Amino acid sequence: MTSQVAMQTSGRAWLVGDNIPSDQMVKSHRVFLPMEEIVRHVLEDAHPGFAAGVAPGDVLIAGRHFGQSSGRAIATKAIKATRVGCVVAEYFARTFYRNAFEIGLPILEIPDIRRHVSDGDPVSVDVAAGTLRNERTGETVNGRPTDPFLIEMLRGGGLIPIAARLAGESA
Amino acid sequence: MKMVEKILARASGRAEVAPGEIVVADVDGLVMHDLSAYLTSKVYEERVGLPVRYPERVTLVFDHTFSPATEETADVLVHDRAWARRHGINLYDCGSGNIHHVVAHGGHARPGSVIVGSDSHTPVYGALGAFATGIGNDSHAGMVLPYGKAWFRVPETVHVMITGTLQPGTTTRDVALWLVGQIGEGGAVYKALQFEGEFVESLSFWDRWLLPLITIDLGAKCGLIEPDEVTERFVATLPARPGHEPLRGDPGDVSERWTYDVSALRPQVACPPTVGNVKAVEDAGGREINWAELGGHGGGRIEDLRLAADVLRRLPKHPDVRFNIVPSSRQVFAQALEEGLVAELHSGGATFFPPSTGSNQAVNMGAMSAGEAMISTHARNFPGRNGSSQAEMYLASALTVAASATQGRITDPREVIPDLTELAGVTAGAER
């Protein structure tokens, strides 16, 4: 069941704003639909072109408190299902932050990131190193270090593959 | 050590823990509602498939749906019921009330315990002196259900000191909304907020409830109130269940303290598009409203129903406002019946709905058309949560909601009710 999670990615930057709630990533009336259907509407209000235009490895870039409101992991799973390589935000709501590592969605916090990247810029991100490089400007920006425990969880494909060991159970 | 550190240390079998450390702790309670249980059960059965180790610690409340309006919703409930029965999980079916009120009344969350849930308002059990926080489906499925454990990063504690006495017309709900405006959405990211001070101590249990409720919107991990005699008296009314010794922080162990004085506070309203867009009601422009509702995580308490009855006794409901009353639990509905509030509010033109989470996300009720507006005691106001993304949700106290229902516009209760000091529970601490 362990999925491969790439710690590095390169692609187009998709910029969205501050305080985007998880229930605007996936609206409540869609949470029970198949993921193929959900993923077509991800972030439809925040960035109407995102769901249709996103390519594998692209980087979603958000402002402050990304993923606030409901803590259900369907929002992180839907963003992972778009096959973005990484989500970078100034900072995340804590439930989104936790869920992202648990489901194996690479994320990184970089203060003031939107001053360094414009929508459509080609960017490369190294999650373990905590850096983003804007290939258009040539600038490299450093993010907040991620706890090694969370990096290990990400490398392992999320929480479920490591849960038994973490709980001290033999599995 | 601080209170949250002591709870996490005990739960993880350590002598001490420090902020920033990752611990694996025993979980005393997992709470889920109809939507989150469905998603969790799918992950659990597909990817884990083990027996639930402590089913008595898991509680499922159907609160978004009180009566399925579609076949698809009925299917979800049938699935959830079968899953709960198969694993022996506590189940509160349709009509039981709002998830957190039901769990609290049922005694499933207790002082000193570790409580988790997918619902982001799970930190509300901090009002009991528990460590409670929202975690995701994969945490439930991967660790809580099979092993009774979860991982946590020990949060830094900020002491939120609240002092002063409220003016008539202003309630604890106004204090909570105002704090969201003061601290700001994301103003306390990953922190534990410990509410304290003479104001907090003066509050009844169900008024204390309103403070940890807002911590998620500040970005915080949890909110806590040290257990005292008010907590003990509330716990004494609950069904007996296994619990822990209450824990309090070491006196004087304070790293950061923010202080707020509520003495001059006016009634507050959170305007769209976010919970942090808080204004004094009298500065909010008096927008026309089509709906008023007492219900949700932050309302539908007996205190709210008493206040609404007091208001409708003085002023008639505005003919163009639909005034929904959603008791937060069967206990509250029973109490309201006993006090005559149901008959009184019904005659006053309000409409009772079954105990549930009411119009929260318009799953079973509360969708609005473009241009409509609702004022309520709910916890969220993001556009699109209640029908049209061009509809507006305003969040306020039960008193402001009821006053607005009589005027057909967002109304400062002090404008229209001359004898505010005569209202039930309008002064902080009056209902201890």
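Below is a table of values for the structure above.
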quantity: Within the stretch A:34-92, trypsin sites (Lys or Arg not before Pro) in DSSP loop having at most 16 other beta-carbon neighbours inside 10 Å; calculated: A:Arg83
quantity: Share antiparallel - DSSP beta bridges, the stretch B:226-384, percent rounded to 5; calculated: 25 percent
quantity: Convex hull volume of the stretch A:78-171 per residue (C-alpha atoms, cubic angstrom); calculated: 101 Å³
quantity: The stretch B:67-117: C-alpha gyration tensor shape, a/c 1.5 cut-off, then a/b vs b/c; calculated: prolate
quantity: For chain B, calculated [θ]222 nm from helices alone, where every DSSP H run of n ≥ 4 adds -39500 (n - 2.57); calculated: -7500 deg cm²/dmol
quantity: Antiparallel DSSP beta bridges within the stretch A:8-166, percent to nearest 5; calculated: 50 percent
quantity: Ellipsoid semi-axes in whole angstrom, largest first, where each is sqrt(5λ) of the Cα gyration tensor of the stretch B:268-422; calculated: 22, 18, 13
quantity: Residue with peak Gaussian network fluctuation, chain B [Cα springs, cutoff 10 Å], from B:Met374, B:Met365, B:Met393; calculated: B:Met365
quantity: Given charges at beta-carbon only (K, R positive; D, E negative), |dipole| of the stretch B:182-298 in Debye; calculated: 360 debye
quantity: Beta bridges per DSSP with both ends in the protein assembly as shown, % antiparallel, nearest 5; calculated: 30 percent
quantity: Using θ = phi - 60° and Karplus 6.51 cos²θ - 1.76 cosθ + 1.60, couplings along the stretch B:313-330 (whole Hz; Gly, Pro as x); calculated: 5, 9, 9, x, 4, 5, x, 8, 10, 8, 10, 8, 10, 10, x, 7, 7, 5
quantity: Other protein chain Cβ atoms within 10 Å, averaged over every residue that makes up B:382-392; calculated: 3
quantity: Student exercise, the stretch B:268-422 dipole from Lys, Arg, Asp, Glu Cβ charges, in Debye to nearest 20; calculated: 360 debye
quantity: Likely footprinting exposure, B:His105, B:His79, B:His378, fewest C-beta neighbours within 10 Å first; calculated: B:His79, B:His105, B:His378
quantity: Number of partner chain Cβ atoms within 10 Å, mean per residue of B:19-25; calculated: 2
quantity: Percent of C-alpha pairs per 10 Å bin, the protein assembly as shown, short to long; calculated: 3, 18, 29, 28, 16, 5, 1, 0
quantity: 10 Å Cβ neighbours from other chains, averaged over peptide A:86-94; calculated: 4
quantity: Selection from B:Ser263, B:Gly29, B:Gly387 lying farthest towards where the dipole of the protein assembly as shown points positive, charges on Cβ; calculated: B:Gly29
quantity: Note, ³J(HN,Hα) from phi for the stretch B:179-192, Karplus 6.51, -1.76, 1.60, rounded to Hz, x at Gly and Pro; calculated: 4, 4, x, 5, 7, x, 4, x, x, 9, 4, 6, 8, 9
quantity: Whole-Å semi-axes of chain B's equivalent ellipsoid (Cα gyration tensor); calculated: 33, 26, 19
quantity: Two-decimal Rg/Rh across the stretch A:8-166, once Rg and the Kirkwood Rh are taken from alpha-carbon atoms; calculated: 0.94
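Taken together, the values in this text are just the output of simple stated rules run on the coordinates, not laboratory data. Everything numeric in this text was worked out from a predicted model, so none of it was measured. Cβ coordinates were reconstructed from backbone atoms using ideal geometry, including for glycine residues, and neighbour counts include every protein chain displayed.
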